[in-house]
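J.: I'd like to ask you about the structure that follows.
The values are calculated or read from the model by the stated rules, or taken from the named source; none is laboratory data. A quick note: this is a predicted structure, and the numbers were derived from the prediction, not measured. For neighbour counting, all protein chains shown are included, and Cβ atoms are generated from backbone atoms with ideal geometry for every residue, glycine included.
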């Protein structure tokens, strides 16, 4: 029986290293893209929930995620804190109830837990509010806001 020579083993190891070197960055990119897609879908769900909640509560929006969970619109196991983390994105909500002639207002930001580097959970920051009909986004390393471009 003949074994493998050192050159043959080195070639196999080099091929495996090449496959890993190409595969890991591609896999990380796919995970980031999936996280970003989930963040957009989650923001659209939150907007729909807030609008439904306001329709049932004289134009007042839910003050926090816990109220939306109680209404049965979003899942409590995911939105179990003031700043829940879902698929690598941190969600924060601000609400202003109506007063005088000013209507109620809410905004929600979705920001990646890690925005830069090889371990980034996402690179884009997202924003919705009660006055815009689309998700706003920025690739700058800062929270998105109402005047950022729509996606």
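J.: So residue 119 ticks every box in (1) surrounded by 12 or more Cβ atoms within 10 Å (Cβ to Cβ); (2) touching a helix residue (DSSP H, G or I) at 6+ places or on another chain (Cβ under 9 Å); (3) over 15 Å from residue 41 (Cβ atoms) but one. Which box is left unticked?
T.: Unmet for residue 119, out of (1) surrounded by 12 or more Cβ atoms within 10 Å (Cβ to Cβ); (2) touching a helix residue (DSSP H, G or I) at 6+ places or on another chain (Cβ under 9 Å); (3) over 15 Å from residue 41 (Cβ atoms): (1).
J.: A further question follows. Every residue in segment 99-112 that is surrounded by 14 or more Cβ atoms within 10 Å (Cβ to Cβ) and either touching a residue at least 60 places away in the same chain (Cβ under 8 Å) or more than 28 Å from the chain's Cα centre (by Cα) (or both), please.
T.: 108, 110, 112
J.: Out of (1) exposed (fewer than 12 other Cβ atoms within 10 Å of the Cβ); (2) on the phi > 0 side of the Ramachandran plot; (3) in contact (Cβ under 8 Å) with a residue 24 or more places away in the chain, what's the single condition that is false for residue 58?
T.: The failed condition is (3).
J.: Kindly indicate whether any position in segment 123-135 is closer than 22 Å to residue 28 by Cβ and free of Cβ contacts under 8 Å to residues at least 12 places away in the same chain.
T.: Looking only at segment 123-135, we keep the residues that are closer than 22 Å to residue 28 by Cβ, and these are 123-126.
After this cut, where a residue has to be free of Cβ contacts under 8 Å to residues at least 12 places away in the same chain as well, the list is none.
Scanning segment 123-135, I find no residue that is closer than 22 Å to residue 28 by Cβ and free of Cβ contacts under 8 Å to residues at least 12 places away in the same chain, so the answer is no.
J.: Further question on the same structure: Which of the numbered conditions does residue 72 fail, given that it passes all the others? Conditions: (1) over 16 Å from the mean Cα position of the chain (by Cα); (2) under 25 Å from residue 104 (Cβ atoms); (3) not in a loop (DSSP other than H, G, I, E, B).
T.: Single failed check for residue 72: (3).
J.: Let me ask something else. Could you tell me whether segment 12-33 includes any residue that is part of a helix (DSSP H, G or I), farther than 30 Å from residue 117 by Cβ and in contact (Cβ under 8 Å) with a residue 60 or more places away in the chain? Give the steps one after another, and end with the answer.
T.: As a first pass, look at segment 12-33 and keep what is part of a helix (DSSP H, G or I): 12-33.
Cutting the leftovers down to farther than 30 Å from residue 117 by Cβ gives us 12.
Among the residues that remain, those that are also in contact (Cβ under 8 Å) with a residue 60 or more places away in the chain are: none.
Checked segment 12-33: no residue is part of a helix (DSSP H, G or I), farther than 30 Å from residue 117 by Cβ and in contact (Cβ under 8 Å) with a residue 60 or more places away in the chain.
J.: Name the residues in segment 61-90 that are surrounded by fewer than 14 Cβ atoms within 10 Å (Cβ to Cβ) and touching a residue at least 40 places away in the same chain (Cβ under 8 Å), would you?
T.: Result: no residue meets the conditions.
J.: Another question about this same structure. Give the residue that is farthest from the chain's Cα centre (by Cα), with candidates limited to residues of segment 55-67 that are closer than 19 Å to residue 131 by Cβ and either at pLDDT 95 or above or assigned to a loop (DSSP other than H, G, I, E, B) (or both).
T.: My answer is 58.
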